[in-house]
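Below is one structure; the comments refer to it alone.
The values are calculated or read from the model by the stated rules, or taken from the named source; none is laboratory data. Everything numeric here is computed off the predicted structure, so don't read it as measured data. All Cβ positions, even for glycine, are placed from backbone atoms using ideal geometry, and neighbour counts span all protein chains on display.
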């Protein structure tokens, strides 16, 4: 590669591995030379930019650099790309960016044109939204059912809390309510005080159990330290319920953490009942029956003690 092309590589390294076709031309790569390298797969195209060197951090970083170069330094990378950059293992493949001014559509990219305030992070090549704002941006564009499933997962994994969602909505209301309608709907859906759809469905079943008051997301102590947080609990009976939602055990780390939490509950002297999404939605009467039996057994035990 000649000296001029070496200077193009230097420029690309300063821009996350990408250059515009105009920049390539300025550094000696004629349109014919560009076409030749593209046909040989020495270079590739990413959102209209030339990829002349691939960054070691992967495709998400490349997407972010290319979008920022194409639309300018005010561009904010958001949605799944920003989440994975922050090591949140989300599977959605949608590419999203907040852009300033009027831009034409770009195939494969959801372009947001709003002035909603967002918490930001920066690299030397691009700006990206904080995970809670990136999640909110994704939630506002997804259809209702996938949006609820994503919020369910985000709440279970602690990527986002109901309070954080409320704060984001309040911040964005000050800028003309852009994109807040769906977020408000999702917030109302999540507002029952439980973290997942399975927990929300469990709540009315527990209200059918007479004589006890259930507490959601109850912290349990052992030797003065919080060792676990039960999905539902009756502290007076040391009886708690753990719910396996639709996103349950979606990875090995979640499985291991769950087992450690259950062991901690037992060591603290609690009786633990577990119910799955299938049991709650398909066999609710049986779930209620088992809970009633457990309440009676723990109640008798407390009296006997």
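Which of the residues belonging to the range 131-149 are part of a helix (DSSP H, G or I) and under 24 Å from residue 99 (Cα atoms)?
131, 132, 133, 134, 135, 136, 137, 138, 139, 140, 141, 147
Mind counting the residues in the range 195-223 that are without any contact (Cβ under 8 Å) to a residue 40 or more places away in the chain and crowded, with 18+ Cβ neighbours inside 10 Å?
3
Can you find a residue that is surrounded by 21 or more Cβ atoms within 10 Å (Cβ to Cβ), in contact with a strand residue (DSSP E or B) (Cβ under 6 Å, 6 or more places away or on another chain), under 21 Å from residue 186 (Cα atoms) and modelled with pLDDT of 95 or more anywhere in the range 107-129?
Yes, the conditions are met somewhere in the range 107-129.
If residue 159 meets every condition in (1) farther than 26 Å from residue 110 by Cβ; (2) modelled with pLDDT of 85 or more; (3) crowded, with 19+ Cβ neighbours inside 10 Å apart from one, which number is that one?
Condition (1) is where residue 159 drops out.
Only one of these is within 28 Å of residue 150 (Cβ to Cβ), surrounded by 17 or more Cβ atoms within 10 Å (Cβ to Cβ) and either in contact with a helix residue (DSSP H, G or I) (Cβ under 9 Å, 6 or more places away or on another chain) or at pLDDT below 80 (or both): 228, 260. Name it.
228
Checking residue 160 against (1) in a helix (DSSP H, G or I); (2) in contact (Cβ under 8 Å) with a residue 12 or more places away in the chain; (3) out of contact with any strand residue (DSSP E or B) (no Cβ under 9 Å at 6 or more places or on another chain), only one condition comes out false. Which one?
Against the list (1) in a helix (DSSP H, G or I); (2) in contact (Cβ under 8 Å) with a residue 12 or more places away in the chain; (3) out of contact with any strand residue (DSSP E or B) (no Cβ under 9 Å at 6 or more places or on another chain), residue 160 comes up short only on (1).
Each row is one residue, and each column tells you yes or no for (1) closer than 26 Å to residue 121 by Cβ; (2) in contact with a helix residue (DSSP H, G or I) (Cβ under 7 Å, 6 or more places away or on another chain); (3) surrounded by 15 or more Cβ atoms within 10 Å (Cβ to Cβ).
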site	(1), (2), (3)
30	no, no, no
47	yes, yes, yes
59	yes, no, no
65	yes, no, yes
71	yes, no, yes
77	yes, yes, yes
83	yes, yes, yes
92	yes, yes, yes
99	yes, yes, yes
